[in-house]
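Remarks on the structure that follows.
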Amino acid sequence: MGRPQTITDVDIARAARKVFLKLGPNTSTDAVAQELGVSAAAIFKRVGSKHMLLQMAFAPARPPAFLATLATGPSEGVSMREQLLSLAEQMTAFLRDVIPTILVMQTAGISPRAMGPSSSQTPRARTIQSTSAWLRRAQDARRLGPGCTDAMAALFVGSIEAPCFVEHLDQRRRKRAALSSELESIIDVLWRGFAPTRHHDP
């Protein structure tokens, strides 16, 4: 008789994520167990409930890369338009990966607040807050026109989110060239409203 199979928390999280994304959060834990080749009881010995299993499956492995960019910028010597485009690309890459998990979590009745470091603010609210602070520093350096940076941040983030949600709902993954062209167009439109009126951005 062979030894019992050893599974790690990473194995469980990866299998649960795969199963719940494909079949939805109402799928029985037996399907996750089958994916792992173990019993459901073996999973529940490691994870106390299905609710906890869902949280384990969809908890972010690390903060999104764009938050580090927002915390340190804007960079000198790089045009604001280029930096906005780079942020848009980073956010898009993150959203394309995370939107399916958000929808599964909401279907399961789990708030996005439960997945972040603070229960008082959603990940989206933190993103807008960080973007607003980044834009405010650009205004202080006279690299951005006047205006409410909270509103500008909400407009920027929303403009990146909307195509990602539509892409997921349509179940049609955009090709890289089409995605780049769309982001360029979005940033061109936004920059006309964000650009400083009497200052040339290097």
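Remarks
- Contact map, region 125-140: residues that are within 8 Å of ALA153 (Cβ to Cβ) paired with residues that are among the charged types (D, E, K, R) and part of a helix (DSSP H, G or I), Cβ distance under 6 Å, separation 6+ or inter-chain. Pairs shown: SER132/ASP150.
- Top-ranked residue in region 145-173 [being in a loop (DSSP other than H, G, I, E, B) and either more than 17 Å from the chain's Cα centre (by Cα) or outside the structural domain of MET80 (by TED's automatic domain parsing) (or both); ranked as farthest from GLN83 (Cα to Cα)]: GLN171
- Within region 113-128, tally of residues that are at pLDDT below 75 and crowded, with 17+ Cβ neighbours inside 10 Å: 2
- Residues satisfying the criterion are present in region 63-83 (criterion: among the hydroxyl-bearing types (Ser, Thr, Tyr), in the same structural domain as ALA153 (by TED's automatic domain parsing) and touching a helix residue (DSSP H, G or I) at 6+ places or on another chain (Cβ under 7 Å)).
- Tally, over region 125-139, of residues that are of a type outside the set (S, T, N, Q) and closer than 16 Å to PRO74 by Cβ: 6
Each row is one residue, and each column tells you yes or no for (1) more than 19 Å from ARG126 (Cβ to Cβ); (2) among the hydrophobic types (A, V, I, L, M, F, W, C).
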site	(1), (2)
ALA42	yes, yes
LEU54	yes, yes
LEU70	no, yes
GLY73	no, no
VAL78	yes, yes
LEU95	no, yes
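- Scope region 29-41; condition assigned to a loop (DSSP other than H, G, I, E, B) and in contact (Cβ under 8 Å) with a residue 12 or more places away in the chain; matching residues: GLY37, VAL38
- Any hit, region 5-16, residues being in contact (Cβ under 8 Å) with a residue 24 or more places away in the chain and over 22 Å from ARG62 (Cβ atoms): yes
Residue-wise test of (1) among the small types (Gly, Ala, Ser); (2) surrounded by fewer than 16 Cβ atoms within 10 Å (Cβ to Cβ).
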{"position": "LYS22", "(1), (2)": "no, yes"}
{"position": "SER39", "(1), (2)": "yes, yes"}
{"position": "SER86", "(1), (2)": "yes, no"}
{"position": "GLN90", "(1), (2)": "no, no"}
{"position": "ILE102", "(1), (2)": "no, no"}
{"position": "THR131", "(1), (2)": "no, no"}
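The values are calculated or read from the model by the stated rules, or taken from the named source; none is laboratory data. Everything numeric in this text was worked out from a predicted model, so none of it was measured. Cβ: placed from backbone, ideal geometry, glycine included. Neighbour counts: every protein chain shown.
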